[in-house]
Amino acid sequence: MKVIKNYFYTASYQLLAILIPMITAPYVSRTIGPTGAGINAFTNSIVSYFLLIANLGINYYGNREIAYVRDNTQKLVKTFWEIQFLRLCTVVFSIISYFIFIAAYNHFTIYLIIQSINLFAVFFDVSWLYMGVEDFKYLLVRNLVIKILSLILIFSLVHNKDDLGIYIFLLGISTLLGNITLWPKLHEILHKKINIHVLKPFKHFKPMFALFIPTIATQLYIELNKTMLGIMVGTDASGYYTYSDNIIKMLLTLITSVGTVMLPHVANAFSNGENKKINKMLDFSFNITTCLSIPMCLGIISVSPKFSILFYGRQFGQVGIGMQYEAPVIIFITWSTIVGMQYLIPLKKESWFTNSAIIGAVSNILLNIPFISIFHLKGAMISTVISELLVSLYQFIKIRKLISLPRLFCDVYKYILASILMFYIIQIISNKLECSLLFNIIIQAMSGLVVYGLVLWLLKPNILKRGNGDVKN
């Protein structure tokens with residue numbers, strides 16, 4: 001049951017990274033207002049470009065490479081310090097470039113300087129090592145403590161719109177301290193000394209850069225959505241997009257964590273030549289995540305208008321509309337994440353993974369220009385959905401000769417049918433209920449869960465029959 005435990009730890013770990021801003025969002029949105037939220041989103045989108053350079057695809061690459069050599073301590077230690085030296089170089093370069101940009105841009109200077117904490121935090125992020133050796137529990141524990149402390153401080157210190165800088169600082173410093181706490185336990189994993197002269201860090205640059213391209217392409221169009229909305233529509237629209245996207249990404253974390261957990265598992269199986277096991281794991285992961293993502297998509301479309309008002313306040317009603325338009329990406333990102341992280345990256349099909357991300361980024365940027373101009377916030381969401389669909393289609397086309405797509409999709413129609421029935425029933429229930437927003441949402445969620453589960457039980461997809469046997473290891 002190691003995979004199940006690791007999934008729980010990873011889902012919780014990644015969820016916490018998003019959850020703290022989400023928990024504080026109702027309070028902060030009312031405290032700093034749409035303008036403050038927009039400034040935070042806009043300046044964060046700026047620093048995110050430099051964070052991409054600082055990371056340079058290390059998280060995916062490091063995770064995979066550590067998984068390849070984790071059974072050989074000497075190679076493990078050598079690989080870690082080679083990759084970490086490269087990270088030092090990229091972080092220093094990013095920090096210098098960022099402050100040059102701040103001096104030249106001369107807008108939101110104080111907030112941009114505070115956002116730089118996130119760049120310093122990158123160097124101390126060695127979570128990829130723990131993921132590679134599949135020690136997900138430690139990541140969860142240390143992250144939980146730091147995030148709870150940051151939550152307490154936000155509610156204690158952020159009281160009005162003048163505290164925007166404090167809010168940005170607390171988010172950044174919690175990330176920095178969380179990453180620093182990863183280091184004390186390193187000696188338990190890297191317990192062998194290594195001669196610095198045998199290190200060859202730059203041999204990793206080319207394959208790392210190959211994974212950097214899809215990372216930057218994916219992140220680029222996410223940040224460009226916020227930046228282009230801020231420029232073409234206004235910072236308020238950028239804030240609405242951020243809040244909507246945060247909810248979607250938080251829910252996605254519950255599903256796509258399967259890919260993060262399985263990446264080192266599949267990479268290790270690949271290094272041992274266990275190809276049949278790899279295909280079996282992909283089939284199981286794809287079906288379990290599809291089974292979750294389709295009803296989640298329709299559920300969000302149903303509850304988001306009421307949820308956004310309840311969670312953020314009536315002045316953030318646009319967030320609910322944004323969530324409705326963005327919801328389909330849950331399905332498409334789930335597919336591309338499972339195929340990409342669980343199959344393409346571990347099996348060194350980086351070029352396919354890279355091309356799919358480039359297709360998504362280019363199509364998103366091209367679609368953004370007319371769509372945002374005409375439809376504003378809705379336009380950014382529509383272009384994102386189309387782009388993510390193209391990413392998934394490309395990946396499926398590339399793997400069609402390696403994996404049986406009919407077998408992979410054989411039960412998808414059952415998930416779709418069950419989800420449509422669920423959506424129809426919860427809409428009827430919601431329209432007839434005369435109660436508070438909170439109670440309405442709870443009733444929709446509970447009734448939707450019951451209906452979907454019941455219909456699946458009647459349709460009997462294969463995932464219900466073979467699930468136990470596929471996750472024992």
With N residues in the chain, what two-decimal value do you get for its Cα radius of gyration over 2.2 N^0.38 Å? 0.97
Pairwise label distance in nanometres, Asn106 with Met250, each label 7 Å out on the Cα-Cβ vector: 4.0
The answer for Val133, listing residues at least 5 apart or on another chain whose modeled amide H is closer than 5 Å to its amide H, is none
On full extension of the chain, what length is gained from Leu405 through Leu186, given 0.36 nm per residue of separation minus the C-alpha to C-alpha distance? 74.7 nm
Pop a pseudo-label 7 angstrom from the Cα along the beta-carbon direction at both Ser447 and Ile96 and give the gap in nm to one decimal. 6.2
Summing +1 for each Lys or Arg and -1 for each Asp or Glu, what net charge is found among the other residues whose Cβ lies under 12 Å from the Cβ of Gln395? +2
Consider a paramagnetic label point 7 Å from the Cα of Val362 along Cα→Cβ; state which residues of region 201-220 have an amide N under 16 Å from it. 213-218, 220
For Ile358, the net charge from surrounding residues (Cβ-Cβ under 15 Å; K, R +1; D, E -1) works out to 0
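Cβ under 13 Å from Ile213's Cβ, Ile213 left aside: what net charge do those residues give with Lys, Arg +1 and Asp, Glu -1?
Here the charged neighbours net out to 0.
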On the principal axes of its Cα set, how long, how wide and how thick is region 414-473? Give whole Å, largest value first. 46, 23, 13
Let me check against my output: what whole-number percent is the relative contact order of the chain, with C-alpha pairs under 8 Å and at least 6 apart? 21
Using the alpha-carbon centroid of each, what span in Å lies between region 39-68 and region 329-372? 16
Please sort through the DSSP H helices of the chain and keep those with an alpha-carbon extent of at least 27 Å along the long axis and a Kyte-Doolittle average not below 1.0. 73-105, 136-157, 350-375, 377-399, 412-432, 437-459
At 7 Å along Cα-to-Cβ for each site, give me the label-to-label distance between Leu393 and Leu438 in nm. 4.4
With a 10 Å radius around each residue's Cβ, average the other Cβ atoms per peptide and rank 440-447, 45-52, highest first. 45-52, 440-447
Take the cross-link list Lys147/Lys200; Lys75/Lys137; Lys306/Lys378; Lys276/Lys348; Lys277/Lys348 and give me the ones stretching past 27 Å between alpha-carbons. Lys147/Lys200
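Readers should treat all values here as calculations from the given coordinates under stated rules, not as data from a laboratory. The structure displayed is predicted, hence computed values, not measured ones. A quick note on method: Cβ atoms are made from the backbone with ideal geometry, for glycine too, and the neighbour counts reach across all protein chains shown.
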